[in-house]
């Protein structure tokens with residue numbers, strides 16, 4: 001039996017332990033552990049780890065690449081890069097308001113609060 005095959009079998013056997021571990025890690029650490037497992041498995045490791053961990057293959061691939069680059073561009077004090085993550089709700093609402101204003105006919109005079117209310121409900 002090849003080494004990568006035994007790692008794959010062990011990973012499947014210990015899938016619950018892997019899931020428990022991933023639940024306790026932050027996003028960056030999940031990505032790095034998934035990348036490490038994919039490196040250890042070798043061929044088809046990214047797909048296997050992404051299925052077990054429930055994350056996208058791109059995320060596992062990114063973790064693997066970061067490890068191969070010796071974590072050079074990964075900040076120690078942050079989980080996400082600056083500017084990453086979900087947009088602030090007020091910014092999201094303002095974007096919806098602008099697009100809603102464009103879709104309204106120019107003769108329709110809705111007040112600003114009504115436009116925001118409609119945008120929040122979409």
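Arranged from fewest to most other beta-carbon atoms within 10 Å of their beta carbon, 47, 59 become 47, 59. Exposure proxy for 31, 24, 61: other Cβ atoms within 10 Å of each Cβ, ordered fewest to most, give 24, 61, 31.
Each peptide in 6-14, 75-83, 33-41 was scored by the mean count of other Cβ atoms within 10 Å over its residues; highest first, the order is 33-41, 6-14, 75-83. Relative to the current alpha-carbon distance between residue 56 and residue 26, full extension at 0.36 nm per residue lengthens the span by 9.2 nm. Spin-label model, residue 73/residue 47: points 7 Å from Cα along the beta carbon direction are separated by 2.7 nm. Computed extension gain for residue 84 through residue 10, at 0.36 nm per residue and net of the alpha carbon distance, reaches 23.2 nm.
No lab work stands behind these numbers, since they all come straight from the coordinates. Since we're looking at a predicted model, the values are computed, not measured. Every residue, glycine as well, gets a Cβ built from its backbone with ideal geometry; the counts of neighbours run over all protein chains shown.
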